[in-house]
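Here the structure is laid out as structure tokens; the discussion comes afterwards.
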Amino acid sequence: MSRYTPWLVLLFFVTVPLWMRDQYYLHILITSGIFIVAAISLNLLLGYTGQLSLGHVAFFGIGAYTSALGSIGFDVELFGYILVVEPKPVWLAFITGIFVAGLAGWLIGKISFKVRGAYFVIVTISFAEVVRLVALNWIDLTEGPMALNNIPPITLWLPGQGETTVWRKLPNYYLVLAVAAIAFELVRRIVQSRIGRAFVALRGNEPLAMSVGIDVTRYLVIATVVSAAIAGAAGGLYAHYVRIVDPDIFLFIYTVTMVIMVIVGGKGTLWGPVVGGVLFGILPEFLREVAAPEVQWIIYGVSMIVIVFFLPQGIVPALSRVTHELRVAASPIAQDTKEGEG
Amino acid sequence: MEQFLQHVLNALILGGTYALLGIGLTLIFGIMRVVNFTHGELYTFGAYMLFMFVMSLGTNFFLGIVLAIAMGVLLGALTEVVLLRPIRGADIDTTMLVMIGAWIAMQSLEQLTWSGIAKSVNSPFPVEPLVMGPVSVSWARVFVFAVAILLIIGSHALIHRTRLGKAMRATFQDRETAALMGVKINQIYTATFALGSGLAAAAGALLAPVFVVYPTMGDMAALKSFAIVILGGLGNFWGAALGGFILAIVEEFGAGYISSGYRDAMGFVLIILVLIFKPTGLFAQKERVG
């Protein structure tokens, strides 16, 4: 793919609301966009370091809860002291959510990367379950199953307009698009830097990576922190867009949705989560009319198996292989076109 | 003191089924190097099979248990042959993804077949509990415990006293050498997966009359099995058996004396403690994944 591709794709998404006026479809695009941000964060771990986080929804939910709680304020009794937090500006709460999610990622990474193998998967999946139990049971803080209501929407400072509260769908769309673009660029810079090369090295052959002086555990923890922080940002976007957060945000099916987006799109490619995210963000809307939700999940599960069996690299690498072969076939001299990371 | 004894008794009874779940998972992991995410679904499947045989078809309860376990063994063998055999030799992540896909598909299929409404299974046991001095326990739970212990002893005998078990242990130690010695690896894998799945289905079928049956009941069972397996050390039979009882004791006392809302979080706390202080599991063997 050429260096202009990201800009062309961005331009396309910027112009979408110009020709698509339907508010419902816009809503679908916004929620898909939020999930794409989460999928991009998951891809950093799963695709580039080869570590599957099956509790990614925990970081997403922690970002959502922190951002929501910060912006509506709370008081809670901790070890006999009463901690009162006044409502903070939404942007500050949003950033705090990113930090807290990153911190959770650091803790999980520190503990589970003491050993390799299946441990990280099991620790993350259990962690998500525990966070859900906390959200359900710590009613003083989270309102439990009654959910956090009336979460304020995000307030932005826009040139010419001053402080603007993002109520409507259109500015929300552009906000999500901006965050997605930043997440994409952040991950691109990381994976094309020294750190990213270390990730790929340890994914391929850990003992070899270690032998050339890569501190494997440290890099894995870094990847987890960045990934968790981006997922937290997605969670914050979600909280202030939907404006209600309940413990169901930690349901396992959301993690599965992210994993499927990354796998189907192509793990370890920059565009994989975007392609997979658009596909699986829009697909449920078509399936909704023809199939019950259970059937939709069966299709998800089966498509995951089918992809691993027949297209193990995902759609994006398969596509770039096809275009590569077409280009080679079209040119009189077989060019040495670079087949690269998205 | 009475309360304490009652908690110990409850933990013992619950621990039996936890041990079944843990042993099934640890065998599959130890021998096949597969992180089996369908384990919880086999547990659910066992419970639904008992419901189908006893409540829908009117089979005798005890025969229903046997049939439910047999169906679990069959489904396990089928899963292995259809999903795992074609990707033999793939890395651990690939098989993990396939198993996650199978997990989601199976769970949704169960929901589609039996709806999301919780079902209960009648058992033929008397309603009056068995009273032993200060503590009491229902006969249904005594039955669960007895069958679980029998199955644990039976699986251990299968692994240590039969030719099939010997081949399994050989595969566990060194797959290539075992294959060179004439062990049919594919058959061993199918047998292992069927056995592990059968144990999970047994746990589900045994607990179905004690609790209720619903499609997502296996998720928690899967998480607890993972906790038990980490506790006991991946691939360790007695580690998993003891791990099951330890988890049950911690849960029972945690729920009784700390907070019942966090009962299901105790397994995670155990995992974290084990990973911090003894990452190879409490009963470490030499053999473990790197």
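Among helices (runs of 4 or more DSSP H) entirely within the stretch A:68-168, having at least 2 residues that are closer than 30 Å to residue A:207 by Cβ singles out A:90-112, A:119-137. For the stretch B:174-187, enumerate the residues that are β-branched (Val, Ile, Thr), surrounded by 14 or more Cβ atoms within 10 Å (Cβ to Cβ) and either in a helix (DSSP H, G or I) or touching an Asp or Glu at 6+ places or on another chain (Cβ under 6 Å) (or both). Within the stretch B:174-187, B:185 is the sole residue that qualifies.
The residue pairs whose first member lies in the stretch B:158-173 and is in a helix (DSSP H, G or I) and among the aromatic types (Phe, Trp, Tyr), whose second member is modelled with pLDDT under 90 and surrounded by fewer than 16 Cβ atoms within 10 Å (Cβ to Cβ), and whose beta carbons are closer than 9 Å, counting only pairs six or more residues apart or on different chains, are B:172/B:287.
If you go through the stretch A:296-313 and keep only what is in a loop (DSSP other than H, G, I, E, B) and either surrounded by fewer than 16 Cβ atoms within 10 Å (Cβ to Cβ) or touching a residue at least 24 places away in the same chain (Cβ under 8 Å) (or both), you end up with A:311, A:313.
Screening residue B:110 with (1) free of Cβ contacts under 8 Å to residues at least 12 places away in the same chain; (2) of a type outside the set (A, V, I, L, M, F, W, C); (3) within 10 Å of chain A (Cβ to nearest Cβ) gives one miss only, at (1).
Here residue B:73 fulfils each of the conditions (1) farther than 25 Å from residue B:236 by Cβ; (2) away from chain A (no Cβ under 14 Å) apart from (1). Screening residue A:143 on (1) more than 14 Å from every other protein chain (Cβ to nearest Cβ); (2) surrounded by 17 or more Cβ atoms within 10 Å (Cβ to Cβ); (3) under 22 Å from the mean Cα position of the chain (by Cα) shows it passes everything except condition (3).
Residues in the stretch B:107-136 that are farther than 26 Å from residue B:40 by Cβ and assigned to a strand (DSSP E or B): B:130, B:131, B:132, B:135, B:136.
Of A:256, A:275, A:262, A:295, all but one fail to be of a type in the set (Val, Ile, Thr) and over 18 Å from the mean Cα position of the chain (by Cα); the exception is A:295.
Among the residues of the stretch A:85-118, how many are facing chain B (nearest Cβ under 7 Å) and of a type outside the set (A, V, I, L, M, F, W, C)? Residues that pass the stated criteria total 4. Only residues that are part of a helix (DSSP H, G or I) and surrounded by fewer than 24 Cβ atoms within 10 Å (Cβ to Cβ) were counted in the stretch A:50-67, giving 0. Residue B:56 satisfies every condition listed in (1) closer than 19 Å to residue B:217 by Cα; (2) surrounded by fewer than 23 Cβ atoms within 10 Å (Cβ to Cβ); (3) more than 14 Å from chain A (Cβ to nearest Cβ) except (1). Looking only at the stretch A:285-295, residues that are more than 7 Å from every other protein chain (Cβ to nearest Cβ) and either buried (at least 18 other Cβ atoms within 10 Å of the Cβ) or touching a residue at least 60 places away in the same chain (Cβ under 8 Å) (or both) come to 1 in all. Residues in the stretch B:138-153 that are among the small types (Gly, Ala, Ser) and either in contact (Cβ under 8 Å) with a residue 60 or more places away in the chain or surrounded by 14 or more Cβ atoms within 10 Å (Cβ to Cβ) (or both): B:138, B:140, B:148. Scanning the stretch A:242-295 for residues that are over 16 Å from residue A:39 (Cα atoms), modelled with pLDDT of 85 or more and in a helix (DSSP H, G or I) yields A:242, A:247, A:248, A:295. Looking across B:237, B:211, B:277, B:253, one residue alone is away from every other protein chain (no Cβ under 14 Å), modelled with pLDDT under 90 and over 18 Å from the mean Cα position of the chain (by Cα). It is B:253. Under the condition of being without any contact (Cβ under 8 Å) to a residue 40 or more places away in the chain and either assigned to a helix (DSSP H, G or I) or surrounded by 20 or more Cβ atoms within 10 Å (Cβ to Cβ) (or both), the residues counted in the stretch A:186-215 number 12. The requirement of being closer than 22 Å to residue A:253 by Cβ, part of a helix (DSSP H, G or I) and touching a helix residue (DSSP H, G or I) at 6+ places or on another chain (Cβ under 8 Å) is not satisfied by residue B:53. For residue B:89, the conditions (1) more than 14 Å from every other protein chain (Cβ to nearest Cβ); (2) part of a loop (DSSP other than H, G, I, E, B); (3) over 21 Å from the mean Cα position of the chain (by Cα) are fulfilled apart from (1).
The values are calculated or read from the model by the stated rules, or taken from the named source; none is laboratory data. What you see is a predicted model; the values in this text were computed from it and never measured. Cβ atoms come from the backbone with ideal geometry, glycine included; neighbour counts cover every protein chain shown.
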